[in-house]
Amino acid sequence: MYDIAKNAGFAGAHAVWSVSDSDLLIPLIGYVDADGSQGLERFLVDDVADGARLGAERLRTGRPGWVHAALVVDAFLRSPAGRQDALVIEATDYAPQRRSIKMAIPYRPHTTAEGFAVYRAKFLGTSGFDDPDYDAIAEAFFSGVDSHEQAAAVWNAHLLDESV
């Protein structure tokens, strides 16, 4: 039931790995086909905002054979403390009914004096779930993170267990 969250975790982990030593994430979609195969599609265009828009459109329409997909874009979260860099994940389950989750992974860029860090992931919303079990969604999400061994190692090495 929560394969959507597992896929979101895998794609989010890949994005964390990507920004751990880079200035900006190229928007990406991690997807799972009906046969269980996984893939990754990046939206490399001159303007990263255009790439994010292309990714959002691809997530909305899907592709034949996709069971679920997760779009990850580099963005900002706003809080009383100010603006925070974050990887925003929107994940969609296409069938039997369309459901989605939206999460953010706040991070500190590698260019800061303190260096790269990852903060606690945040739920931003769900759609299509009657009564979402956030503990189960979080467990599935982190199972997806852990399934990307190289990225999980980077995430865990730079995790600050605090919320921003």
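Brief remarks on what is shown
- Volume in Å³ per residue [convex hull over Cα atoms, computed for the range 37-132]: 138 Å³
- Cα-only radius of gyration and Dmax that characterise the chain, units Å: 14.9, 47
- Gain in span if fully extended, GLU114 to ALA49, counting 0.36 nm per residue against the direct Cα distance: 20.7 nm
- Net charge dipole size for the chain [Lys, Arg +1 and Asp, Glu -1 on Cβ; Debye, nearest 20]: 400 debye
- For the range 1-44, a Kirkwood hydrodynamic radius built from all Cα pairs, placed in the Stokes-Einstein relation at 25 °C and 0.890 mPa s, yields a translational diffusion coefficient of 218 µm²/s.
- Shown in residue order for the range 136-141 are the 3J(HN,Hα) couplings computed by the Karplus curve 6.51 cos²θ - 1.76 cosθ + 1.60 at θ = phi - 60°: 5, 4, 5, 4, 5, 4 Hz (x for Gly and Pro).
- Using Cβ point charges alone (K and R +1, D and E -1), the dipole size of the range 39-117 about the Cα centre works out to roughly 340 debye.
Read-outs throughout are calculated quantities, based only on the coordinates presented, and are distinct from any laboratory measurement. Here the structure is a predicted model, which is why all the values come from computation and not from measurement. Here Cβ is always computed from backbone atoms with ideal geometry, including for glycine, and neighbour counts include all displayed protein chains.
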